[in-house]
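The structure appears below as structure tokens.
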Amino acid sequence: MSAPQTPKGPNTRLVHAARRVKGMAKDLVNPPVERASTILFERAEDLYARRPEQRYYGRYGTATQSALCDAISDLEGAAGTVLAPSGLAACTLALSAVSKPGGHMLITDSVYGPTRNFCDQILTSRGLEIEYFDPRAGADLQSQIRDNTCAIFLESPGSLTLEINDLPAIAALAQARGIPTLVDNTWAAGWFLKPLEMGIDYSIQAATKYHTGHSDVLMGAVASRDKAGAELMHQYAFLNGNTVSPDDAYLTLRGMRTMGVRLAHQQQSALRIAQWLSGRDEVMRVLHPALPEHPDHELWKRDFTGASGLFSIVLNPVSPEKVHDFVNALSLFGIGFSWGGFESLVIHCDPQIKRTAGSWDAAGPLVRFSIGLEDADDLIADIEAALAVLK
């Protein structure tokens, strides 16, 4: 009788997850890329048999996509995962799957802008009522739940303004009423936060970001807490013709192998830079949940095991032109959407911010940093030089 195995650490699990795929050569380090549209059958009788072990068309995935699904399920502690061609596609797939005609959906007011646009323009056209709620509502969200509420969508923290949702409190409310809960878990990458363990039904990733890590692949994923949820997402993805390329799946899985060590460096650098910025006269507020002064710091300490490389700052009031001058003066930060890659990025956020459940109360302009793998000292020197243009 063999001795029980010692539980593996998260980096060990990430390195070894989905390394062995049925049918692959035993001497390969990584599962290979399997490209296929048509898959051939030995006999006519097998064509419509739909056996679980039989792959029957490339749109439903090959071993390459299955390996990535298995790795994400292992990371998130999920019963199953479906892939989508982008993070937004993962959000819209999951929202569509749980929607009901005449239903009412509760959406955090700090939600990712394109997800908000989908809710306001597409879901409402299908007869759903969308209601936004204060990201800090927690158990108080009970007052907004109705008999026809069919889903609660969260994003923790919000990717611009960094509010943290009280996931356990909201999950408990929803479970008592049989309401599915979904969270955009991209900031924590499924690494620093395990929402499925807290009772959330679906953890959604823009794997474009930390999973791939190299700003050259678009990928999304929906990880389900239980088998019924996983079957719902698989069925919805299947019926909608949802698919991702095996090449993109391969690159995402390859990126995941180093995600833990990348996030460790990015966490350390981002926190150091955020602490330095909190002492600058040009900065009114630093929005980083790991800082004690963040209003949701206690929730972050309770629910998260760490922080990623994304945070924002509120500058003292200056003109939009001055904000542009500051951003343009940065030499080591690229100006562009997305985040989570090996390179540092910066954007001016104010044109994106929309609130309907409340108001965004910052007195100054909002700037967001995504900290990459550069040396923190170099990034600090770059920001310090750029801040001079605000004087």
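The values are calculated or read from the model by the stated rules, or taken from the named source; none is laboratory data. Keep in mind that what you see is a predicted model, and the values were worked out from it rather than measured. Here the Cβ positions follow ideal geometry from the backbone for every residue, glycine too, while neighbour counts run over all protein chains shown.
Sort out which residues of the range 187-204 are aliphatic (A, V, I, L, M) and crowded, with 20+ Cβ neighbours inside 10 Å, and write them in order of number.
Matches in the range 187-204: A188, A189, L193, L196, I200, I204.
Of all helices (runs of 4 or more DSSP H) completely enclosed by the range 35-144, which ones contain at least 3 residues that are closer than 23 Å to A249 by Cβ?
Because the criterion is at least 3 residues that are closer than 23 Å to A249 by Cβ, the helices (runs of 4 or more DSSP H) in the range 35-144 that meet it are 63-76, 87-98.
From R285, R280, which residue is more than 26 Å from S86 (Cβ to Cβ), in contact (Cβ under 8 Å) with a residue 12 or more places away in the chain and part of a loop (DSSP other than H, G, I, E, B)?
Selected residue: R280, the only one of R285, R280 that is more than 26 Å from S86 (Cβ to Cβ), in contact (Cβ under 8 Å) with a residue 12 or more places away in the chain and part of a loop (DSSP other than H, G, I, E, B).
Residue under question is S125, and the condition is that it be surrounded by fewer than 19 Cβ atoms within 10 Å (Cβ to Cβ), of a type in the set (S, T, Y) and under 15 Å from the mean Cα position of the chain (by Cα); does it hold?
On the way: surrounded by fewer than 19 Cβ atoms within 10 Å (Cβ to Cβ): yes; of a type in the set (S, T, Y): yes; under 15 Å from the mean Cα position of the chain (by Cα): no.
So S125 does not fit the description; no.
Here is a yes/no grid of residues against (1) assigned by TED's automatic domain parsing to the domain that holds W191; (2) buried (at least 22 other Cβ atoms within 10 Å of the Cβ); (3) among the hydroxyl-bearing types (S, T, Y); (4) within 27 Å of P195 (Cβ to Cβ):
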{"position": "L291", "(1), (2), (3), (4)": "no, no, no, yes"}
{"position": "H297", "(1), (2), (3), (4)": "no, no, no, yes"}
{"position": "V314", "(1), (2), (3), (4)": "no, no, no, no"}
{"position": "S319", "(1), (2), (3), (4)": "no, no, yes, no"}
{"position": "D325", "(1), (2), (3), (4)": "no, no, no, no"}
{"position": "G334", "(1), (2), (3), (4)": "no, no, no, no"}
{"position": "L345", "(1), (2), (3), (4)": "no, yes, no, yes"}
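Name the residues in the range 109-130 that are in contact with a strand residue (DSSP E or B) (Cβ under 8 Å, 6 or more places away or on another chain) and of a type in the set (S, T, N, Q), would you?
First, the residues of the range 109-130 that are in contact with a strand residue (DSSP E or B) (Cβ under 8 Å, 6 or more places away or on another chain): 109-112, 115-116, 119-120, 123-124, 128-130.
Scanning the range 109-130 gives S110, T115, T124.
How many of the residues making up the range 102-160 are touching a His at 6+ places or on another chain (Cβ under 6 Å) and within 23 Å of L196 (Cβ to Cβ)?
So in the range 102-160, the residues touching a His at 6+ places or on another chain (Cβ under 6 Å) come out as 129, 146, 148-149.
Now drop any that are not within 23 Å of L196 (Cβ to Cβ), which leaves 149.
Of the residues in the range 102-160, 1 are touching a His at 6+ places or on another chain (Cβ under 6 Å) and within 23 Å of L196 (Cβ to Cβ).
Looking at T108, T115, which is the one that is in contact with a Phe, Trp or Tyr (Cβ under 7 Å, 6 or more places away or on another chain) and surrounded by 21 or more Cβ atoms within 10 Å (Cβ to Cβ)?
T108
Sort out which residues of the range 332-373 are within 20 Å of the chain's Cα centre (by Cα), among the aromatic types (F, W, Y) and assigned to a loop (DSSP other than H, G, I, E, B), and write them in order of number.
If the condition is that a residue be within 20 Å of the chain's Cα centre (by Cα), among the aromatic types (F, W, Y) and assigned to a loop (DSSP other than H, G, I, E, B), then F337, W339, F342 are the ones that fit.
Looking for whichever is touching a Pro at 6+ places or on another chain (Cβ under 6 Å) and either touching a residue at least 40 places away in the same chain (Cβ under 8 Å) or on the phi > 0 side of the Ramachandran plot (or both) here; the options are L299, L315. Which one fits?
Numbers: L299 fails: touching a Pro at 6+ places or on another chain (Cβ under 6 Å).
The unique qualifying residue is L315.
Could you tell me whether any residue of the range 349-372 is over 30 Å from I130 (Cα atoms), β-branched (V, I, T) and surrounded by 15 or more Cβ atoms within 10 Å (Cβ to Cβ)?
yes
Only one residue in T81, T62, T92 is of a type in the set (S, T, Y), under 27 Å from L162 (Cβ atoms) and touching a residue at least 60 places away in the same chain (Cβ under 8 Å). Which one?
The match here is T81.
For A237, are the conditions met, namely being touching a Leu at 6+ places or on another chain (Cβ under 9 Å) and not assigned by TED's automatic domain parsing to the domain that holds G334?
yes
Might you let me know whether the range 78-88 holds any residue that is under 15 Å from A230 (Cα atoms), in the same structural domain as A223 (by TED's automatic domain parsing), under 29 Å from the mean Cα position of the chain (by Cα) and not aliphatic (A, V, I, L, M)?
For the range 78-88, residues under 15 Å from A230 (Cα atoms), in the same structural domain as A223 (by TED's automatic domain parsing), under 29 Å from the mean Cα position of the chain (by Cα) and not aliphatic (A, V, I, L, M): present.
More than 30 Å from W300 (Cβ to Cβ), touching a residue at least 24 places away in the same chain (Cβ under 8 Å) and out of contact with any Gly (no Cβ under 8 Å at 6 or more places or on another chain), is that true of Q121?
In short, no.
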